[in-house]
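Down below is the structure, laid out as structure tokens.
The values are calculated or read from the model by the stated rules, or taken from the named source; none is laboratory data. Predicted, not measured: the structure shown is a model, and the values here were computed from it. Reconstructed Cβ throughout: ideal geometry from the backbone, glycine too, with neighbour counts over all protein chains shown. Surface areas here come from the heavy atoms of the whole protein model, side chains and all, with no ligands, DNA or RNA. Shrake-Rupley method; radii C 1.70, N 1.55, O 1.52, S 1.80 Å.
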Amino acid sequence: MTDRDAELFVNRKVSRVQLARKYQAENYILVGKSYVLNCLKFDSDECKLANKNIESLMELSENIKMSEVIQAPTIYPIQKGKAVQKL
């Protein structure tokens, strides 16, 4: 799914059903750069499980972002007095 379509969805210009049809994603999960859209049948066991997994993935993503912020980059000297930043 494109970022533009995700923006339209967030701004309620297009529905989940419309996006599922456009991407032929009925009973699938659409994943983009900064969003996850569950197109599984609402209130099914698969949908509930997917929502739990999506929540876990989002939490993991936030934890990874935070650990990257906390970890300070280290600088190592190299030849000829120059330094390289190692992440």
- Message: Residue by residue through the range 22-27, what is 3J(HN,Hα) from phi via Karplus (6.51 cos²θ - 1.76 cosθ + 1.60, θ = phi - 60°)? Round to whole Hz and write x for glycine and proline.
- Response: 4, 9, 6, 10, 4, 6
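For the range 24-63, which chymotrypsin sites (Phe, Trp or Tyr not before Pro) are in a loop by DSSP, counting at most 10 other Cβ atoms within 10 Å?
For chymotrypsin sites (Phe, Trp or Tyr not before Pro) across the range 24-63 that sit outside H, G, I, E and B with at most 10 neighbouring Cβ atoms in 10 Å, the list reads F42.
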- Rounded accessible area of E59 (nearest 10 Å², 1.4 Å probe): 120
- Message: Need the list of aspartates and glutamates near K33 for cross-linking: C-alpha distance under 17 angstrom, and skip anything on the same chain fewer than eight residues off.
- Response: D3, D5, E7, E55, E59, E62
- Task: Report ³J(HN,Hα) in whole Hz for each residue of the range 45-51, in order, from the Karplus equation J = 6.51 cos²θ - 1.76 cosθ + 1.60 where θ = phi - 60°; Gly and Pro get x.
- Result: 4, 4, 5, 4, 5, 4, 4
- Message: Using amide H atoms built in the peptide plane, which far-off residues or other-chain residues are under 5 Å from V36 H to H?
- Response: none
- Ranked from the most accessible area to the least, with a 1.4 Å probe and all protein chains present, what is the order of S44, S34, S56? S34, S56, S44
